[in-house]
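The values are calculated or read from the model by the stated rules, or taken from the named source; none is laboratory data. Note that this is a predicted model, so its numbers are computed, not measured. Cβ: placed from backbone, ideal geometry, glycine included. Neighbour counts: every protein chain shown.
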Amino acid sequence: MATRQKQTGISYIGVMVLILIIGSLLKVVSAVGPAYYDYYTIDKLIEALYRDGRTTNIDDFKRALGERFSINGLRDRSVDEFTYSMDGNSLIVDLDYEVRKNMTGNLDVIVHFKKTYAAK
């Protein structure tokens, strides 16, 4: 007569640890994900304005960037938060900001973004 092999699998504690890890990862992604998406959108908007040649005047650039922020629903950032300067006929935009999101209790997640745009 053949004997049955004992089945083994994940234990109750193993399931709870797995749920804890997945839940923690989801919490971090939900806190940091929107900040990275906004940065990606801002990056693409600024690069598009550089491609379109809207870099001859700071006020024109800020107005066009503000319109694109409004169209894309970027309400947390303002065009006045960035640093603009002219180097001859070339516009230089310094994007330097951080986003602070509360995770739980007194634990915060801070994401810092820094990039400089200049005509090539």
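For region 58-78, the set of residues classified as farther than 19 Å from TYR36 by Cα and loosely packed, with under 10 Cβ neighbours inside 10 Å consists of ASP59 only.
Cβ-Cβ contacts under 6 Å between residues 6 or more apart (or on different chains), taken from a first residue in region 67-86 that is farther than 10 Å from THR41 by Cβ to a second residue that is hydrophobic (A, V, I, L, M, F, W, C), are listed as VAL79/LEU65; PHE82/VAL93; PHE82/LEU95; TYR84/ILE58; TYR84/VAL93; SER85/ILE92. The residues of region 79-99 that are among the hydroxyl-bearing types (Ser, Thr, Tyr) and either at pLDDT below 90 or surrounded by fewer than 12 Cβ atoms within 10 Å (Cβ to Cβ) (or both), listed by number, are THR83, SER85, SER90. Looking across region 106-120, just one residue is without any contact (Cβ under 8 Å) to a residue 40 or more places away in the chain and surrounded by 13 or more Cβ atoms within 10 Å (Cβ to Cβ), and that is ALA118. Against the numbered list (1) surrounded by 14 or more Cβ atoms within 10 Å (Cβ to Cβ); (2) in a strand (DSSP E or B); (3) at pLDDT 90 or above, MET103 comes up short only at (3). Of all the residues in region 1-59, those that are of a type in the set (Gly, Ala, Ser), under 24 Å from the mean Cα position of the chain (by Cα) and more than 28 Å from GLY73 (Cβ to Cβ) number 2.
Among the residues of region 33-63, the ones that are modelled with pLDDT of 90 or more, in contact with an Asp or Glu (Cβ under 8 Å, 6 or more places away or on another chain) and either in a strand (DSSP E or B) or more than 15 Å from LYS115 (Cα to Cα) (or both) come to 1 in all.
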